[in-house]
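Report on one structure; see the data block that follows.
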């Protein structure tokens, strides 16, 4: 039987879930408080230069999940793109992630791979047997010089916290390579939609069973008018922050123009703690198949998220985890709602993981609906 489904949010999570349910015959209404679809993946052409802008910061698609890769390629033409990040530290430019070139440049050497492996092994602090903090993990992993040059200052600026107070898990996703491969990601499928992410998400939402209402803020009263709601907003926001706010880092962007090529790469990180920005992104380099004389850039800063800011990165330290546990407990008493996505589960998610979880969530809901069962409040455990 056709049901009326509400999607609170027009980003990837609700777009993919909504499309899947619409294809199964359900009536889907998608709302978003912003005046555009796509959430933080939103892209648009700069009126002055024609450059495609990643308005809420760079998004590069990368995955090993073939079903997800095939899914996004149904709705957009993806072109190959290699994410080659550079970083400025101590007045010199290096290649990231840390690789053999980075190591040889920093130590003014010409080591071969095995020599570099042994060299870094001797640099690492083997007295740290079970690293608990970001700093301990770094010192155990790469030693003091690489940590000081590329990780410490950037982390202080990005998280606003001493690396001694951050969990080791943050560093575990930063690769170190003992070859000259400077591709930031290691996934099988990597690319960019040739006409931006907005076109892709508009394609996902383009279905006769889907209606879209932008500039609309959802609430509990609206949700009661539907058979089921999928909510991709902040988990604590659904409960009006009744027991406190979950902490996030937000981003400030300073936009500027340049006539020509400003930095020669898409992303330049800044590893020095006293440099005000974490990175600068030059957006025409995200579409190397296009030609633009003029350039649009964004200097980026990270700071604590305030009530009126866009939440980007969940902090998830001990205090936040304890508050999260309380919200999860309260949420499990709700009915007719499923919390999804980055904000709904208070987790950092790459785009491919977001789509994978959305596909799985939609299929689980359809199966539960067919069998007369009830979908869990969280299709993915946020703890």
Task: Hey, residue 88 in contact with a strand residue (DSSP E or B) (Cβ under 8 Å, 6 or more places away or on another chain), in a strand (DSSP E or B), surrounded by 17 or more Cβ atoms within 10 Å (Cβ to Cβ) and not assigned by TED's automatic domain parsing to the domain that holds residue 255 or not - done: yes
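Against the condition within 20 Å of the chain's Cα centre (by Cα), at pLDDT below 95, within 23 Å of residue 170 (Cα to Cα) and not in a helix (DSSP H, G or I), how does residue 316 come out, does it pass? Reasoning before the result, please.
Numbers: within 20 Å of the chain's Cα centre (by Cα): yes; at pLDDT below 95: yes; within 23 Å of residue 170 (Cα to Cα): yes; not in a helix (DSSP H, G or I): yes.
The answer is yes for residue 316.
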Open item on the list: Yes or no: the range 325-337 includes at least one residue that is surrounded by 18 or more Cβ atoms within 10 Å (Cβ to Cβ), farther than 18 Å from residue 382 by Cα and more than 19 Å from the chain's Cα centre (by Cα).
Closed with: no
TODO: Select from the range 310-319 the residues that are over 19 Å from residue 231 (Cα atoms) and either surrounded by fewer than 14 Cβ atoms within 10 Å (Cβ to Cβ) or touching a strand residue (DSSP E or B) at 6+ places or on another chain (Cβ under 7 Å) (or both) and list them in ascending order.
DONE: 315, 318, 319
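Hey, which of the helices (runs of 4 or more DSSP H) in the range 189-251, taking only ones fully inside, have at least 3 residues that are touching a residue at least 40 places away in the same chain (Cβ under 8 Å) and over 16 Å from residue 342 (Cβ atoms)? Give the derivation first.
Values: elements: 197-205, 220-223, 235-238.
By residue number, 197-205.
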- [ ] Please enumerate the residues belonging to the range 344-379 that are out of contact with any strand residue (DSSP E or B) (no Cβ under 9 Å at 6 or more places or on another chain) and part of a loop (DSSP other than H, G, I, E, B).
- [x] 349, 372, 373, 374
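Which is crowded, with 19+ Cβ neighbours inside 10 Å, outside any helix (DSSP H, G or I) and touching a helix residue (DSSP H, G or I) at 6+ places or on another chain (Cβ under 7 Å), of 68, 72, 37? Show your work before the answer.
Working: 68 fails: outside any helix (DSSP H, G or I); 72 fails: outside any helix (DSSP H, G or I).
Only one candidate passes the filter, namely 37.
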Task: residue 61 being under 27 Å from residue 179 (Cβ atoms), outside the structural domain of residue 153 (by TED's automatic domain parsing) and either at pLDDT 95 or above or out of contact with any helix residue (DSSP H, G or I) (no Cβ under 7 Å at 6 or more places or on another chain) (or both) - done: yes
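The values are calculated or read from the model by the stated rules, or taken from the named source; none is laboratory data. Owing to the predicted nature of the structure, the values given are computational and were not obtained by experimental measurement. Positions of Cβ are generated from backbone atoms using ideal geometry, with glycine treated the same way; all protein chains shown enter the neighbour counts.
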